[in-house]
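Asks: Mind having a look at this structure? Questions to follow.
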Amino acid sequence: MKTDKIRKTFLDFFADKGHEIVPSSSLIPADPTALLTSAGMQQFVPYLSGKIEPPYRRAASAQKCFRTSDIDEVGDQYHHTYFEMLGNWSFGDYFKTEAIQWALELLVKEYKLPQDKLWTTVFKGEKGIPKDIESIETWQEAGIDTKKIKAFGMEDNFWGPVGSGGPCGPCTEIHYDRSKDFQKEKCSLNGCGPNCSCGRFVEVWNLVFMEYNKTREGTYEKLPAQNVDTGAGLERLAAVLQNKSSDYETDLFLPIVNTIKELSQISEKQEDSEKAVRIIADHMRAVCFLIADGVIPSNEDRGYMLRRLMRRAMRYARRLHMGKNFLIPICQVVIDVYKGQYPELQKKQNDILILVQSEEEKFMKSLRDGLKRFRVLVTETKNQDKTVLDPQKTFQLYDTYGFPIELTIEMAQEKGLKVDEKGFEKEFERHRKVSRAGAVHKFSGVGEWGDRVAPQHSATHLLHQALRDVLGEHAHQDGSDLTPERLRFDFTHPKPLTKREIKAIEDLVNKQIKRDLLVTVEKKKFENAIKAGALAFFREKYPKEVTVYTMGDFSKEVCTGPHVKHTNQIGKFKIVKDEALSSGVHRIRAVLTGSTYVPKGITVFDSKL
Ligand code: SER
């Protein structure tokens, strides 16, 4: 069965069972504390936690996901950075019995997997949470042999929460027995089963019974409702249904893998080059999806992840002796494979190709010199009988040659050496302080500016309204990104801005700042907020009740804040750049000077004391 059919069969099956089919949310999650969307349940967290009344009790989706945690595993048969997850949800509606019976029905009746090849795992009980007897009994009643139902602890059979706290619960997984032919190594049949490392079993579906909330203090309390959250990796399911030994041989990946092989100069199928091909295929697929959802290469957070993927792909491409400009044809195949299901890839084709090409040009120049420098560093370290690379020189590889630190760590490992990560961080900090290079934080992975971006945030509201006043009502927000140093605002507009328009927009924003408009907040039902004329960023999913920020008589917008108290605190607004991102979408970059807003938690010392 082709992958498109597998996806459609899944969604049709659950639509028939009364589920609302919800489109995939963006890879950039609505939750500002999360780096990227890593599970299908993420867009439903407010419903699962009971904070927001769900508009439907049953939902199903095919969700774009990205897991940074799996990057080192990529290259084996089944791990990916970007992948698609099929899932069905119950928000306080059905629970274990239906979830288990339907999963089995879909796998056996629709996908035609032989039932005797299916094994399951259940939660054996731990940390005061009892053994999942109900799941065991349901599997038994459904005809799964008791020998094929294995119980495991928290590590394997308890899922979530995504961050430090939130909805979570015991899970039951369905594994497919691909027979002994797929074993990497011999292992005794007795001990062999799901979670065995021999490679015979592959997990195809995880059913989570979310009835707990993990508090930030680490205790588990019952959620108001019993929910179901399931997830099946589409690529893995495709490999199983197409009887392939890895995801890379399925119809989703084969065109991408073949293009890479054609562009490279590998003749024989060496294991090493196979791994490199897979890494390039995985990473470039992820790159296309990230850019399509608005991520842009940079030195921070998501942009850094994107850059790291591209640079890693380029390093592996060198091993395969691929020539220049090889990333573009790979992206073109990715877009081609996915454009039916994800039209945003084609819509953002220009952005993808332009950004990828410019990154490739930038990095290829320094890669060769950087690798030379790295080899010298390895020789020096070994000659001195050391096993850890000098942190200052490691930093130089990052700073001068653009090597992401993870790349250096990985290359060092291949040579049996280590990187002094603490020393690198210190060097990084020292350099940052010296050069005042701005906030470039590599390790947090999460963009949490808190209310340090309140002035920038308020300025985007004024800008949004000013754009509509000067250019017309068609000008609508299409994304924004804020740091305490600058603001970036994407909006829809068909032609370049003239100098006069830019000046008019700037003047209008500054006029509203000078008027010192009061910023007020109120909670409203979403429909009422829109009726009252509030602007909303329609790509987002809004809860029923929303917060509306009003700035005097000038601006009204649905938003979660933070904002200044009155507009004079914003300071002076200046547009520094206007550029066309793709046809119809523009990006304005602007800076503020002289902001008088004092973020909470920052103490102001009186210099006279
Ligand atoms: N949240 C679970 C997972 O990601 C099931 O959807 O595996």
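The values are calculated or read from the model by the stated rules, or taken from the named source; none is laboratory data. Computed from a predicted structure; not experimentally measured. Note: ideal-geometry Cβ built from the backbone for every residue, glycine included; neighbour counts use all protein chains shown. Surface accessibility is based on the protein's heavy atoms, side chains included, excluding ligands, DNA and RNA. Shrake-Rupley method; radii C 1.70, N 1.55, O 1.52, S 1.80 Å.
Asks: List the extent of the Cα atoms of the range 357-404 along each of their three principal axes, largest first, rounded to whole Å.
Replies: Answer, in whole Å and largest first: 41, 16, 12 Å.
Asks: Kindly flag which residue pairs out of Lys96/Lys148; Lys499/Lys524; Lys347/Lys524; Lys64/Lys495; Lys348/Lys577 have an alpha-carbon separation exceeding 29 Å in this structure. Mind dumping the intermediate values first?
Replies: On the way: Lys96/Lys148 18 Å; Lys499/Lys524 38 Å; Lys347/Lys524 34 Å; Lys64/Lys495 32 Å; Lys348/Lys577 21 Å.
Distance filter (> 29 Å) returns Lys499/Lys524; Lys347/Lys524; Lys64/Lys495.
Asks: Percent of accessible area on the chain owned by carbon and sulfur, 1.4 Å probe? Each step should come with its number before you reach the end.
Replies: On the way: 13830 of 28450 Å².
Ligands and nucleic acids excluded, carbon and sulfur reach 49 percent.
Asks: I'd like the distance separating the alpha-carbon centroids of the range 353-375 and the range 106-162, in whole Å.
Replies: The distance from the Cα centre of the range 353-375 to that of the range 106-162 comes to 47 Å.
Asks: Which Rg and Dmax, in Å, describe the Cα atoms of the range 119-228?
Replies: Both quantities, over Cα of the range 119-228: 15.3, 47 Å.
Asks: State, in angstrom, two size descriptors of the chain derived from its alpha carbons: Rg to one decimal place and Dmax to the nearest whole number.
Replies: Final numbers for Rg and Dmax: 26.2, 80 Å.
Asks: Let me ask another. Provide the descending list of Cα extents for the range 474-570 along its principal axes, expressed in whole angstroms.
Replies: Principal-axis extents of the range 474-570 (Cα, largest first): 41, 31, 26 Å.
Asks: With every protein chain kept in place and ligands, DNA and RNA left out, what is the accessible area per residue of the chain? Probe 1.4 Å, answer in Å². Write out the running numbers ahead of the final one.
Replies: Working: 28450 Å² over 609 residues.
For the chain, the solvent-accessible area averages 47 Å² per residue.
Asks: Keeping all protein chains in the complex and leaving out DNA, RNA and ligands, what accessible area do you get for Thr560 with a 1.4 Å probe, in Å² to the nearest 10?
Replies: Accessible area of Thr560: about 130 Å².
Asks: Taking a probe of 1.4 angstrom, what is the accessible area of Leu377 in Å², to the nearest 10?
Replies: Accessible area of Leu377: about 0 Å².
Asks: What is the gain in length, in nm to one decimal, between Leu371 and Ile129 on full extension, counting 0.36 nm per residue of separation less the C-alpha to C-alpha distance? Present the calculation step by step, with values, prior to reporting the outcome.
Replies: On the way: separation 242, 0.36 × 242 = 87.12 nm, distance 5.16 nm.
Computed gain between Leu371 and Ile129 is 82.0 nm.
Asks: Compute, for Cys192, the solvent-accessible surface of its heavy atoms (probe 1.4 Å) with the complete set of protein chains present, and express it in square angstrom to the nearest 10.
Replies: 10
Asks: Related question: Please report the projected area of the range 1-92's Cα convex hull averaged over all directions, in nm². List each step's numbers first, then the result.
Replies: Numbers: hull surface 27.9 nm².
Quarter of the Cα hull surface area: 7.0 nm².
Asks: Using DSSP H assignments, which helices in the chain have an axial alpha-carbon span of 18 Å or above and a mean Kyte-Doolittle hydropathy of -0.5 or higher?
Replies: Numbers: long enough: 3-16 (20 Å, -0.41); 271-292 (32 Å, 0.42); 301-319 (28 Å, -1.35); 349-383 (49 Å, -0.55); 421-435 (21 Å, -1.95); 454-471 (25 Å, -0.16); 499-514 (22 Å, -0.89).
Helices passing the filter in the chain: 3-16, 271-292, 454-471.
Asks: What aspartates and glutamates could a cross-link reach from Lys574, if we take a straight Cα to Cα line under 18 Å and drop same-chain neighbours fewer than 8 places away?
Replies: Candidates past the 8-residue exclusion: Asp469, Asp481, Glu485, Asp490, Glu501, Glu506, Asp507, Asp516.
Asks: How much FRET efficiency would the formula 1/(1 + (r/R0)^6) give for Ser179 and Asn299, where r is the Cβ-Cβ distance and R0 is 60 Å, rounded to 0.05? Before the final figure, lay out the partial values.
Replies: On the way: r = 47 Å, r/R0 = 0.79.
My answer for the efficiency is 0.80.
Asks: Using a 1.4 angstrom probe on the protein heavy atoms only, could you order Asp93, Asp293 from most to least accessible area?
Replies: Numbers: Asp93 65, Asp293 20 Å².
Order by accessible area, largest first: Asp93, Asp293.
Asks: A further question on this structure: So for the pair Gln140, Ile328, with labels modelled 7 Å out along Cα→Cβ, what separation do we get in nm?
Replies: Result: 6.4 nm between the two label points.
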